[in-house]
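What follows is one structure encoded as structure tokens, with my remarks underneath.
The values are calculated or read from the model by the stated rules, or taken from the named source; none is laboratory data. None of these values were measured; they are calculated from a predicted model. Every residue, glycine as well, gets a Cβ built from its backbone with ideal geometry; the counts of neighbours run over all protein chains shown. Just so you know, the surface numbers come from the protein's heavy atoms only, side chains and all, with ligands and any DNA or RNA stripped out. Shrake-Rupley method; radii C 1.70, N 1.55, O 1.52, S 1.80 Å.
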Amino acid sequence: MRSSNPVFSRRGFSRNGYAGFNAPPQAGTAANPYAETNPYAGQAPHAGANPYAGNPYAQGQQDVTQAPPYVPQTRPMTMDDVVVRTGLTLGTVVAGAAVAWIMDLSLGLAIGAALIAMVLGLVQAFKRKPSPPLILAYAAFEGLFLGAISNAINQWVAPGAPMQAVLGTMAVFVVMLVAYKTRIVRVNARFTRFVIIAAMGFLLLQVVNLMFMAFGGGDGLGFRSGGLGIVFGVVGVLLGALFLALDFKQVEDGIAYGAPREESWLAAFGLTMTLVWIYLEMLRLVAILNGDD
């Protein structure tokens, strides 16, 4: 089962089951109904099916009976690595947003920054290995766009909306993290298929709405104002929350299977992309609600 998040779709993380932080799921057990589709299920830490088996530190085990040729290896990814790199990436986004806010960046330049961020994000998504400079550059340009659009909404549409959107995004993150850790939300094959299909439908409606706006003028199909805009905004926030659960699953599986330390940059990139999505949907929703008052 591949993740819908393009950041992780090209990586070898486990896709199914409920892997813990230290013990991968075992194949053929009733507790793991998806074990038969898990390419790593039942494999020893050095089995060929595990793309991280070459890491002698994977799962905290090392074959000392046969000394392989020396190959420089980094230690496996840990939760601390993911937290630190996510903090650096989000910090870069915040710094870029602060610069755009203080400089009162024009919307034209903001759109240019958004396009650059999109290109950088696509390049990183299709790279075989994470590139920290590329990820941080994406975060910087994304921050410029967020800062400019937030400042514009704060000045012209709904004063205070950016702060409300930030608080709302933080609340969604905390709620989903708790729901995932307590297994209220279980990421399995059915869950992932539902999220992918829902996201494709959501994005298709976005494209259709943009086309109506471009050729018909006004608000297109009305997805950005009024009652329909509120419903559309809520759906966007909920989809972002579901993507967070997929991101948490990928991080957990990466740690469980001894992913290289550099993969923590990829985890940070994926989490940042999802949080940016949630913030933008939350900002639009708050702006619509405040504008209707």
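Per-structure values
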quantity: For the range 76-134: rounded, prolate or oblate by the Cα gyration tensor [a/c cutoff 1.5]; calculated: oblate
quantity: Sequence-separation-based contact order of the range 220-288, relative, with Cα cut under 8 Å and 6+ spacing, percent; calculated: 53 percent
quantity: Whether the range 74-172 is rounded, prolate or oblate, judged on the alpha carbon gyration tensor where a/c under 1.5 counts as rounded; calculated: oblate
quantity: For peptides 281-287, 257-263, 172-178, sequence by mean Cβ density within 10 Å, most packed first; calculated: 281-287, 257-263, 172-178
quantity: Area of Met213 that stays accessible when all protein chains are in place (1.4 Å probe, Å², to 10); calculated: 60 Å²
quantity: Sequence-distant residues sharing a close amide H with Val185 (under 5 Å, placed H); calculated: Tyr180
quantity: The range 136-293 - percent relative contact order, Cα under 8 Å, separation 6 or more; calculated: 35 percent
quantity: For Val235, solvent-accessible area (1.4 Å; no DNA, RNA or ligand), Å²; calculated: 60 Å²
quantity: Burial order of peptide ranges 180-192, 145-157 (average beta-carbon count within 10 Å, highest first); calculated: 145-157, 180-192
quantity: Exposure of Ile230 as accessible area (Å², to 10), given a probe of 1.4 Å and all protein chains; calculated: 50 Å²
